[in-house]
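The values are calculated or read from the model by the stated rules, or taken from the named source; none is laboratory data. Predicted, not measured: the structure shown is a model, and the values here were computed from it. Because the Cβ atoms are built from the backbone with ideal geometry, glycine has one as well, and the counts that use them run over all protein chains shown. Ligands, DNA and RNA are excluded from the accessible area calculation, which covers all protein heavy atoms including side chains. Shrake-Rupley method; radii C 1.70, N 1.55, O 1.52, S 1.80 Å.
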Amino acid sequence: MRLTLQIAFTQMMARKKQTAVATLGVTFGIGMFILMVSFMTGINILLEETMLSATPHIRIYHEVKASKTSIIDEVQTGAQFMNVVHHIKPKDEKLNVKNGLMIAENLRQEPEVLGVSPQLTSQVFYNFGPIQLNGSLMGVQILEENKLFDLRSKLVAGRIEDVLASHNGLLMGVGLAKKLNMKVGDKVTISTPKGTLKLMQVVGIFKYGIGAIDDVRSYTNLPTVQKILGKDSRYVTDISLKLKDYYQAKRIAQIYEKKYEYKCEDWETANATILVSFTLRNIITYTVSITLLVVAGFGIYNIMNMTIYEKMKDIAILKAMGFAGGDVREIFLIQALTIGFMGAATGLMLGFILSVWVGTIPFDSGGFLAMNTFPINYDIRYYIIGFVFSILTTFLAGLFPSIRASKIDPIQILRG
Amino acid sequence: MLNELALKATNIVKYFYEPTKFQVLKSVSLEVPKGEFVSLVGKSGCGKSTLMYILSTMDTDYEGEISINGEKLTGKKQNFLASFRNANIGFVFQFHYLLPEFSALQNVMIPALKLAKFSKKEIEERAYQKLELLGLREQALKPASKLSGGQQQRVAIARALINDPAIIMGDEPTGNLDSVNTQNVFEIFQELTKTFKQTIIAVTHDDEFAQKSDRVIEMKDGHIV
Ligand SMILES: Nc1ncnc2c1ncn2[C@@H]1O[C@H](COP(=O)(O)OP(=O)(O)O)[C@@H](O)[C@H]1O
Ligand SMILES: [Mg+2]
């Protein structure tokens, strides 16, 4: 073994308590970092997955805009005219995506696309005795929709095939069904904004774990909604897309928007508010962790300084016997780094154990999210980051005292 | 061979500035040929320790010039002097100064491990020999902090001998020893100078010890008389 290493270890063994205290500082810093990162990113991933389970990666629809110019501006142009038109309203545009089914077919051929589901959504009232509940009815090709959102796994009752088998079959959100007191087989009358009435039968009940969907939405066959709304069989309002790599959604959405000239909204834009909370959680995690590590670093700095103060005589002897300043610096840097290594190793273990433990704590999200215990994300990358960071912190904390030790003039101390 | 100088100091002047400016050494010149056993005597406070620290290259804040084995050491860099000390100078301090966490054996071994001229096994063997020489074989594995003052001082002497240095300097190396051990150390020193042509410069208050050595140098108020 290297002589400096041997001296460093012997000195540390002789002061086990101080070494342990300094190590524990790093242990807790790293442990907390691992716990927080695992927990926070666990939440982020859960939210992201929940969000993506019900949100298309890209949604293509016809955005209704009030035209900024009136027809008179197009006719009477030039400096001699001053046209004033108040409160321009949108034209009675059709809300559909023209050639939607063609576009859907087209998109299916794209290599980056995983699945496509054309939809026709309508606002409807669910009539429940004297009460009318507001909600939405989504006409889909149910098997395509299943491919995209894995509807089958979301069913709490009934079967997807039953929707196909009947012309008025309905898959109802669990929250909505509860409000309407519906079970599979029960019938409900829905009315459209245009006043059409239709008797539907609940053949299945689904649960996404997202209140905003489960409380309002029902699925049925696309032609059924087309018929209720009095539209032709090519009429669709939305096209939902899933991509192979959903982090490309933003870029691809822009390409499609140019290509098809319809609004293409990616999931990140649609869920911007949730994504902000991701960023905030990350900021909190890193601030707290870095603070903990800096505190641990100061602990090491203090202990190293104390050690060097107490070891002045020994440093002087070493130098008198022929150790260079660099050797002395090495001895104390080794001590700091050893503390860093031990602290990192135990800290990573502590963090892992705490994460596992927190992952078993039951948590009731009130049915909002599909989880029973706190979500934990086990990602080796955070363990590597934590390790590198603790070594770096202890190195810096040990560096300055070590340099100071290397500069000690032996003669000052030996003279007494 | 006899004329070859182990140590040559010319016009060494040393000041202390705390608490007030004060000249400790007033132009000290000294020549010690190889293989000589020199005793340095003088009243307490006359500057013996100060001179020894300068001669041993540890104190570099002085005027004048020092050469050891014909090599001029004045003005050399700290790191150079450190490795020079390691290979060529054995020093026994006035107060013993062992590393308390290490065993007596390890304390003796450290300068040799640093020099790395021999394998660890050989070094251990040599360290045992030196301890044996000083009657400490049984204490070899005890931590230095558990040894008596006299034992610690003898371990320090063993440590000073481990690298077979050209010059061994001692600042009252027998100050803590009883007469039997003092006699033993004296004989070891004499043997080293006679048989191995090593040079010894030892500060001592022991008149008998001084009289038996090859030469006695007396200091008074920063001068050699
Ligand atoms: N670090 C110091 N600062 C100021 N004066 C010192 C210091 N060390 C020693 N002295 C003074 O220098 C003189 C010589 O000291 P020293 O060499 O230790 O004497 P000796 O070893 O002969 O007893 C004494 O007067 C002592 O007080
Ligand atoms: Mg003295």
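A few remarks follow.
- Cα-Cα pairs of chain B separated by more than 29 Å (percent): 24 percent
- Loop trypsin sites (Lys or Arg not before Pro), the range B:180-222, which have at most 16 other Cβ atoms in a 10 Å radius of their Cβ (DSSP): B:K197
- Stretchable slack from A:L396 to A:V288, in nm (0.36 nm times residue separation minus alpha-carbon distance): 37.0 nm
- Sorting the segments A:344-353, A:251-260 by their mean number of nearby beta carbons within 10 angstrom, highest to lowest, gives A:344-353, A:251-260.
- Comparing A:N83, A:N305, A:N221 in a Gaussian network model of chain A (Cα springs below 10 Å), the most mobile by mean-square fluctuation is A:N83.
- Relative to its residue count, the range A:7-140 spans a Cα convex hull of 409 Å³ per residue.
- Whole-number percent relative contact order across the range B:128-214, with pairs defined as alpha carbons under 8 Å at least 6 apart: 29 percent
- Computed over the alpha-carbon atoms, the protein assembly as shown gives an Rg to Rh ratio of 1.35, Rh here being the Kirkwood radius from the mean inverse distance.
- The loop-placed chymotrypsin sites (Phe, Trp or Tyr not before Pro) in the range B:65-143, going by DSSP, that have at most 16 neighbouring Cβ atoms within 10 Å of their Cβ come out as B:F95, B:F118.
- Hits among lysines - C-alpha to C-alpha of B:K14 under 23 Å, sequence gap 8 or more where chains match: A:K319, A:K407, B:K26, B:K43, B:K48, B:K72, B:K76, B:K77, B:K220
- Selection among A:L24, A:A79, A:P56 by position relative to the dipole of the range A:15-94 gives A:L24 as farthest towards the positive end (Cβ unit charges, Cα centre).
- Normalised by residue number, the volume inside the convex hull of the Cα atoms of the range A:133-284 is 145 Å³ per residue.
- For the protein assembly as shown, size of Cβ-based charge dipole, Lys and Arg +1, Asp and Glu -1, in debye: 1160 debye
- Lysines with Cα under 20 Å of A:K183, excluding same-chain neighbours fewer than 8 positions away: A:K154, A:K198, A:K207
- Here the sum of -39500 (n - 2.57) over DSSP H runs of 4 or more residues, divided by the residues of chain B, equals -11000 deg cm²/dmol at 222 nm, to the nearest 500.
- Each peptide in A:268-275, B:120-127, A:29-36, B:32-39 was scored by the mean count of other Cβ atoms within 10 Å over its residues; highest first, the order is A:29-36, B:32-39, B:120-127, A:268-275.
- Normalised contact order of chain B, rounded percent, pairs of Cα under 8 Å and 6 or more residues apart: 30 percent
- Extents of the range A:234-334, taken as max minus min of Cα coordinates on every principal axis and listed largest first, are 94, 25, 18 Å.
- A straight line joining the Cα centroids of the range A:89-143 and the range B:22-36 runs 104 Å.
- Formal net charge of residues neighbouring A:D214 (Cβ-Cβ distance under 12 Å; K, R +1; D, E -1): +4
- Accessible area buried between chains A and B, both sides summed, probe 1.4 Å, in Å² to nearest 100: 2200 Å²
- The Cα atoms of the range A:19-81 cover 89, 33, 11 Å along the three principal axes, with the biggest extent listed first.
- Across the range A:284-392, Cα-Cα pairs farther apart than 22 Å form 52% of the total.
- Taking the C-alpha atoms only, the angle from helix B:120-133 to the longest principal axis of chain B is near 80 degrees.
- Each of A:S153, A:L176, A:L143 was placed along the dipole of the range A:87-204 (beta-carbon charges, centred on the mean Cα), and the one lying farthest toward the positive end is A:L176.
- With the helix formula -39500 (n - 2.57) applied to DSSP H stretches of n ≥ 4, chain A reaches a computed 222 nm mean residue ellipticity of -18000 deg cm²/dmol.
- Using every pair of separate Cα atoms, the Kirkwood estimate puts the hydrodynamic radius of the range A:97-176 at 14.5 angstrom.
- Charge dipole (the range A:33-134, unit charges on Cβ, about Cα centre) - positive-most of A:M36, A:N127, A:S117: A:N127
- Directionally averaged projected area (the range B:2-102, Cα convex hull): 8.1 nm².
- Size of the range B:123-194 from its Cα atoms: along the principal axes, largest to smallest, the extents are 32, 29, 18 Å.
- Surrounding net charge for B:L98, when Lys and Arg each add one and Asp and Glu each subtract one, Cβ distance under 13 Å: +3
- Reach of A:K89 by Cα under 17 Å, taken over lysines that are not fewer than 8 positions away in the same chain: A:K65, A:K68
- B:F95/A:L280 FRET efficiency (R0 45 Å; Cβ-Cβ; nearest 0.05): 0.15
- Judged by the mean number of other Cβ atoms found within 10 Å, the most tightly packed of the peptides A:14-24, A:131-141 leads the ranking A:131-141, A:14-24.
- Three semi-axes of the equivalent ellipsoid, the range A:185-224, Cα gyration tensor, whole Å, largest first: 20, 13, 10
- Accessible surface of the range B:83-128 [probe 1.4 Å, protein heavy atoms]: carbon and sulfur percent: 53 percent
- Rounded to the nearest 20 debye, the dipole size of the range B:63-170 about its Cα centre is 200 debye, using +1 on the Cβ of Lys and Arg and -1 on the Cβ of Asp and Glu.
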